[in-house]
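A short worksheet on the structure shown next.
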Amino acid sequence: MRITESAISWITRRSPNVHEINVYLVEPDGRDTDYVLRRMMVAQGEKAEVQTFDTPSRLERKDNLFRYLS
């Protein structure tokens, strides 16, 4: 997680137009049949304030990530 925070800091210093960064990690689903994504961190704003989740939300493969984009 510290490496990820350093990467976020590096990205925001070099790309000031980035407004939000979401970090997801992949892990087995527990049944060893598929994988899930967990939203672990979010960085927002000009100073890239990093928020780390203690109980990250679970995003499964069957979920439609892009349903609200148009």
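The values are calculated or read from the model by the stated rules, or taken from the named source; none is laboratory data. Nothing here was measured: the structure is a model prediction, and the numbers come from that model. All Cβ positions, glycine included, derive from the backbone under ideal geometry; neighbour counts span all protein chains shown. These accessible areas exclude ligands, DNA and RNA; they are computed on the full protein's heavy atoms, side chains included. Shrake-Rupley method; radii C 1.70, N 1.55, O 1.52, S 1.80 Å.
Among the residues making up segment 17-33, those that are over 17 Å from THR55 (Cα atoms) and at pLDDT 85 or above are ASN17, VAL18, HIS19, GLU20, ILE21. For segment 1-14, the set of residues classified as modelled with pLDDT of 85 or more and open to solvent by 50 Å² or more (accessible area, probe 1.4 Å) consists of ARG2, ILE3, GLU5, SER6, TRP10, ILE11, ARG13, ARG14, listed by residue number. Taking segment 2-43, which residues are under 11 Å from LEU59 (Cα atoms) and charged (D, E, K, R)? Passing the criteria: GLU27, ASP29, ARG38, ARG39. Taking first residues from segment 35-55 that are of a type in the set (Lys, Arg) and partners that are crowded, with 16+ Cβ neighbours inside 10 Å, the Cβ contacts under 9 Å between residues at least 6 apart in sequence or on separate chains come to ARG38/PRO56; ARG39/VAL23; ARG39/PRO56; LYS47/THR12. Checked against (1) loosely packed, with under 11 Cβ neighbours inside 10 Å; (2) hydrophobic (A, V, I, L, M, F, W, C); (3) modelled with pLDDT under 75; (4) assigned to a strand (DSSP E or B), LEU65 passes all but a single condition, namely (4). Remark: pairs (first residue in segment 1-16, under 21 Å from ASP54 (Cβ atoms); second residue at pLDDT below 85 and outside any helix (DSSP H, G or I); Cβ separation under 8 Å; 6+ apart in sequence or on different chains) = MET1/THR52; GLU5/VAL50; ILE8/ALA48; ILE8/VAL50. Restricting VAL36, VAL50 to those that are surrounded by 12 or more Cβ atoms within 10 Å (Cβ to Cβ) and at pLDDT 80 or above reduces the list to VAL50.
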